[in-house]
Amino acid sequence: MKLTTMQRDNRQRGMALIFAIGFLAILSILGAIVLQVATRDLTGTGGSTSIQPKQRSLYAADRAVEYAMNRDIIVNLPVYNSVNLVSGVVLKADGTPAPGSPTHKSILDLAGNGTLLAGSVRDIGPRALPSAMAAIHGNEFGANLYHVSVKTTAPLGGTTNVDASIVRLFKLDDDQIFRTSGGG
């Protein structure tokens with residue numbers, strides 16, 4: 001009698017071991033699948049070499065457009081003329097070259113997100129305010145139009161071209177900038 005009881009107990013212990021090993025195998029496979037999906041998602045968002053260069057190039061182009069609307073550049077820019085952002089030197093408020101005469105390109109490339117390949121700011125000239133805006137603001141304000149064109153590149157090959165038309169509103173008596181709007 002004792003012999004049959006021991007055999008039955010031994011069979012049941014073996015079955016539990018088989019179930020435990022099968023359960024661990026299923027969990028291991030499931031864990032490997034989750035790890036593979038998580039790694040693929042992280043590579044697609046942060047580490048992808050196809051997205052990041054384009055973003056860096058876009059940031060560099062955006063920085064160049066913002067820099068082009070720098071008050072020092074606008075004030076020293078003759079009407080109906082342009083400034084080359086790649087070879088042009090930084091001017092002081094009186095129109096003379098700044099000490100060491102750094103180029104606009106050298107200043108823009110300092111951030112390291114991208115490199116300025118080409119760029120210019122052109123003064124299209126003053127204009128009267130549109131009638132709807134003149135009705136709101138009166139005849140105290142004027143507008144000046146600018147065209148900014150930049151081409152940037154980033155490490156690993158992303159390239160961005162931006163052409164923006166910018167309107168600068170100013171008070172006629174003191175040339176204080178009130179609003180700038182742009183479009184690409």
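The values are calculated or read from the model by the stated rules, or taken from the named source; none is laboratory data. As the structure is a prediction and not an experimental result, all values here were calculated from the model. Note that we place each Cβ from the backbone using ideal geometry, even for glycine, and neighbour counts take in every protein chain shown.
Somewhere in segment 106-128, is a residue under 24 Å from the mean Cα position of the chain (by Cα), in the same structural domain as LEU172 (by TED's automatic domain parsing), surrounded by fewer than 17 Cβ atoms within 10 Å (Cβ to Cβ) and in a loop (DSSP other than H, G, I, E, B)?
yes
Can we say ASN161 is exposed (fewer than 14 other Cβ atoms within 10 Å of the Cβ) and at pLDDT 75 or above?
Numbers: exposed (fewer than 14 other Cβ atoms within 10 Å of the Cβ): yes; at pLDDT 75 or above: yes.
Yes: the conditions hold for ASN161.
For segment 122-153, how many residues are closer than 30 Å to TYR59 by Cβ and either modelled with pLDDT under 80 or not charged (D, E, K, R) (or both)?
11
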